[in-house]
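The values are calculated or read from the model by the stated rules, or taken from the named source; none is laboratory data. All values derive from a computational prediction rather than experimental measurement. Cβ: placed from backbone, ideal geometry, glycine included. Neighbour counts: every protein chain shown.
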Amino acid sequence: MEIIRYPDDPRPADWKAPVLALGNFDGLHRGHMKIIERVHRTAIERGSTPVVLTFDPHPTRVVRPEKAPRVLMNEAQKVEVLDAAGMRGVAIVHFTAELSRWDPETFVRLVLVDWLGVSEVWVGGNFLFGRDRTGTFAVLRSLGEQYGFRADKIDPVCVRGAVVSSTRVRRLLAEGRVDEAGVLLGRHFFVDGQVVGGDARGRALGFPTANLRTDSEMVPPHGVYATIVRTADGFQPAVTNIGVRPTFDGGGAPTIETHLLRGGRDLYGANLRLYFVQRMRDEQAFASVDALRARIDQDCRDVMALFGQISV
């Protein structure tokens, strides 16, 4: 996987007549992946290079920063998923206020034609680009005819009667409905982070936890979750609490504390990926430490029962 950035990097010489997926692709949900799969298949059939073009930062952060969404994925995570999907290259356009004022033809000419030399461009049915979002698919197709490339689109993907979108995924995650968000994504939602030192309260209770520090912008709300932890040793089922530990003091910043159900080595300093499978309950305060201990034990049993029905 080769990554280039506009306007600094030239197009690699071995990118042959790129077939391009164009969009923001935040979260790479099932609708996005349908575009990626079509681009990959088309490029392989034609002996071309499958490439994704996306933007950094998210354009909304430049044109309407007060309405900018929390992103579902950082750049490294996005590249990882695209690489696994067979993309040969990622072209990242540095989105600026100046670029936001370009009309659609300027963007097509400077970026798609002069920079990338595309042979074909695929977008989602609702993709808009250019100044004031005036670039519709019809405009893109007309410009493709003018500049010598083909443009096509993928209709939105619907799940349970509703269109899959990054906005909908964010809403579900913000409500703690991680299982439903996973259906739209086509995989469990995950965050990456590093295990940092805690106050060892979990260990004292008999349930040692890994305390995860993450830079992810999108984290599910307070509560107890069935999760899967990926470490260098593989995958493990886990119970994760997000919150402020109200039984003890309830103050301070929220923490992400994960108890591995099969035990394992000390993870301090390790990098983890935490997959959210299902929300089990709200975070709550207990009348005593013993009551908390009993509830955690029940949580572990409930999560193990859940994982007895699904594959980790």
Failed criterion for Pro220 (all others in (1) under 25 Å from the mean Cα position of the chain (by Cα); (2) farther than 19 Å from Arg177 by Cα; (3) modelled with pLDDT of 85 or more hold): (2)
Search the stretch 257-272 for residues that are on the phi > 0 side of the Ramachandran plot and touching a residue at least 60 places away in the same chain (Cβ under 8 Å) and pair each with any residue that is β-branched (Val, Ile, Thr) and surrounded by fewer than 16 Cβ atoms within 10 Å (Cβ to Cβ) when their beta-carbon atoms are under 9 Å apart and the residues are at least 6 apart or on different chains. Gly269/Val196
Is it true that some residue in the stretch 57-66 is out of contact with any helix residue (DSSP H, G or I) (no Cβ under 6 Å at 6 or more places or on another chain) and surrounded by 20 or more Cβ atoms within 10 Å (Cβ to Cβ)? no
For Asp282, indicate whether it is surrounded by fewer than 16 Cβ atoms within 10 Å (Cβ to Cβ), in contact with a His (Cβ under 9 Å, 6 or more places away or on another chain) and touching a residue at least 24 places away in the same chain (Cβ under 8 Å). yes
Within the stretch 36-56, the residues that are assigned to a strand (DSSP E or B) and either free of Cβ contacts under 8 Å to residues at least 60 places away in the same chain or hydroxyl-bearing (Ser, Thr, Tyr) (or both) are Pro50, Val52, Thr54, Phe55, Asp56
Any residue in the stretch 105-129 that is assigned by TED's automatic domain parsing to the domain that holds Gly144 sitting within a Cβ distance under 7 Å of a residue that is among the charged types (D, E, K, R) and in a helix (DSSP H, G or I)? List the pairs, counting only those 6 or more apart or interchain. Trp122/Arg38
Counting only residues that are at pLDDT 95 or above, in a helix (DSSP H, G or I) and among the acidic types (Asp, Glu), which one in the stretch 95-135 is nearest to Pro57 (Cα to Cα)? Glu98
Options Gly182, Gly197: the member that is in contact with a Phe, Trp or Tyr (Cβ under 7 Å, 6 or more places away or on another chain), outside the structural domain of Gly27 (by TED's automatic domain parsing), surrounded by fewer than 15 Cβ atoms within 10 Å (Cβ to Cβ) and not aliphatic (A, V, I, L, M): Gly197
Can you pull out the residues in the stretch 280-302 that are assigned to a loop (DSSP other than H, G, I, E, B) and either of a type in the set (Phe, Trp, Tyr) or out of contact with any Gly (no Cβ under 8 Å at 6 or more places or on another chain) (or both)? Gln284, Phe286, Ala287, Ser288
